[in-house]
1. Using beta carbons and a limit of 9 Å, which pairs, at least six apart or on different chains, have the first residue in region 212-227 and surrounded by fewer than 21 Cβ atoms within 10 Å (Cβ to Cβ) and the second one in a strand (DSSP E or B) and acidic (Asp, Glu)?
2. I'm checking my understanding of the structure. Among residues of region 59-82 that are over 21 Å from the mean Cα position of the chain (by Cα) and either among the aliphatic types (A, V, I, L, M) or at pLDDT below 95 (or both), which one is nearest to LEU123 (Cα to Cα)?
3. Return a yes/no flag: does region 207-225 have any residue that is more than 14 Å from the chain's Cα centre (by Cα), near ligand 1 (Cβ under 8 Å from one of its atoms) and part of a helix (DSSP H, G or I).
4. Of everything in region 91-133, what is at pLDDT 95 or above, away from ligand 2 (no atom under 16 Å from the Cβ), part of a loop (DSSP other than H, G, I, E, B) and touching a Ser or Thr at 6+ places or on another chain (Cβ under 8 Å)? Give them in sequence order.
5. Among the residues of region 234-249, count how many are in contact (Cβ under 8 Å) with a residue 60 or more places away in the chain, within 11 Å of ligand 2 (Cβ to nearest atom) and out of contact with any Asp or Glu (no Cβ under 6 Å at 6 or more places or on another chain).
6. Restricting attention to region 131-147, which residues are touching a residue at least 60 places away in the same chain (Cβ under 8 Å), among the small types (Gly, Ala, Ser) and either more than 26 Å from GLY72 (Cα to Cα) or surrounded by fewer than 24 Cβ atoms within 10 Å (Cβ to Cβ) (or both)?
7. Before we move on, is GLU167 loosely packed, with under 14 Cβ neighbours inside 10 Å and either closer than 28 Å to SER315 by Cβ or within 15 Å of ligand 1 (Cβ to nearest atom) (or both)?
8. Being modelled with pLDDT of 95 or more, surrounded by fewer than 21 Cβ atoms within 10 Å (Cβ to Cβ) and among the β-branched types (Val, Ile, Thr) is the filter here; which residues of region 244-261 pass it?
Amino acid sequence: MSSEEELSSTITDWLFFSSWWLLLPFIMLLVVVAFVVAFVLLLYMISPLISPKPLKLNGAHVVVTGGSSGIGKSIAMECYRQGAFITLVARDESKLVQAKKEVEKCAINDKQCQEKLGPVDMLVNCAGTSFSGKFEEVEVERFRSMMEVNYLGSVYPTRAVITTMKERRMGRILFISSQAGQIGLFGYTAYSPSKFALRGLAESLQMEMKPYNIYVTVAYPPDTDTPGLAEENRTKPLETRLISETSGVTQPEQVAKIVVKDAVQGNFNSSVGPDGYMLSALTCGMSPVTSITEGLQQIVTMGLFRTIALFYLGSFDSIVRRCMIQREQAKAADKRE
Ligand SMILES: NC(=O)C1=CN([C@@H]2O[C@H](COP(=O)(O)OP(=O)(O)OC[C@H]3O[C@@H](n4cnc5c(N)ncnc54)[C@H](OP(=O)(O)O)[C@@H]3O)[C@@H](O)[C@H]2O)C=CC1
Ligand SMILES: CCCCCCCCCCCCCCCC(=O)[C@@H](N)CO
């Protein structure tokens, strides 16, 4: 054996009989894990720069449009319970007076009995109305009125308070959209667009307002047990009812607790319940991120939630198809009689 051959056989022996190289994948894995951990730690270190400072509700002036009923009234009560001064806005005066009495029962200090008006610290755009029906059966006028009340009805109050908020370099704007502002559903051709519009407004407004320490929140509640829902249910197509049942009916107090907490913290997105959480992660798009945890959750869960969503969509389509077949059979039976 030449010395050259000897050397090569020693190297082969070493390579095959000593097992250091078996560790190579583990070492690489360790390096990758170390990098990921370092990256996440870094993100958490800069998170105070991203997360806004919470608003102090105690002593703050909160204006709630649509505050005389349903979700708006519950939001007013929740804020009053935390020590805020409240202004309620709506059209029907007797409903307003009644709501004022109910809100005042939630007082936490004597000072609240004296009214303190002044610059608005938080504006809650909750005035709104809903309508469901099949596209061709909804009066054209209804498409306009939905945009006017739900969308423009949120633009005007916001315009009224924003200049002072900018000057004071503080404030919160809350928009009450809906799960129907995240997905378009059977029966909501007039309502959904007015709620989607709020999201576009909120995203644009947030980018303008961030340097002024003003934070915008959009809430997407599911069906909530209010006089508004009862009214909507009177014309609701069967399809819409069956599809909406997926995410159930929530109580307005529950919605109020969650959205007030999110607005105080300055979270852009506010969702209610597990379906709401999935929908928001899935539809986050280019919306601003207000905590590292939120961003990481979106990154990790999106593929999984899309998979789940495809099953939901399939079941919604089959509800629509079944209802259509049933209607046609009923019609045919009617004709035969
Ligand atoms: N209930 C639900 O299932 C869900 C509701 N939402 C949204 O939450 C918001 C509140 O809904 P909800 O609590 O059910 O509704 P309600 O009908 O119970 O209350 C609506 C409130 O808005 C006021 N309002 C209605 N129209 C106008 C108007 N043109 N100008 C000024 N104020 C007005 C009403 O007072 P008045 O009539 O005296 O003016 C009332 O105070 C709406 O924007 C709705 O789209 C979102 C998701 C689910
Ligand atoms: C991963 C994907 C999960 C998907 C879950 C889908 C659940 C869909 C349910 C939609 C319910 C729509 C409620 C509208 C409420 C509303 O705004 C009106 N009631 C107003 O009165």
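The values are calculated or read from the model by the stated rules, or taken from the named source; none is laboratory data. Note that this is a predicted model, so its numbers are computed, not measured. Because the Cβ atoms are built from the backbone with ideal geometry, glycine has one as well, and the counts that use them run over all protein chains shown.
1. From residues that are surrounded by fewer than 21 Cβ atoms within 10 Å (Cβ to Cβ), there are no pairs.
2. Selected residue: ALA60.
3. no
4. Residues satisfying the conditions are ASP92, PRO119, VAL120.
5. Looking only at region 234-249, we keep the residues that are in contact (Cβ under 8 Å) with a residue 60 or more places away in the chain, and these are 235-240, 242-243, 246-247.
Among the residues that remain, those that are also within 11 Å of ligand 2 (Cβ to nearest atom) are: 236, 240, 242-243, 246-247.
Right, trim to out of contact with any Asp or Glu (no Cβ under 6 Å at 6 or more places or on another chain) and you get 236, 240, 242-243, 246.
So the answer is 5.
6. First pass over region 131-147, keeping only residues touching a residue at least 60 places away in the same chain (Cβ under 8 Å): 131-134.
Applying the additional criterion that residues be among the small types (Gly, Ala, Ser) yields 132-133.
GLY133 - this is the single residue of region 131-147 that is touching a residue at least 60 places away in the same chain (Cβ under 8 Å), among the small types (Gly, Ala, Ser) and either more than 26 Å from GLY72 (Cα to Cα) or surrounded by fewer than 24 Cβ atoms within 10 Å (Cβ to Cβ) (or both).
7. Numbers: loosely packed, with under 14 Cβ neighbours inside 10 Å: yes; either closer than 28 Å to SER315 by Cβ or within 15 Å of ligand 1 (Cβ to nearest atom) (or both): no.
No.
8. The answer is VAL249, THR250, ILE258.
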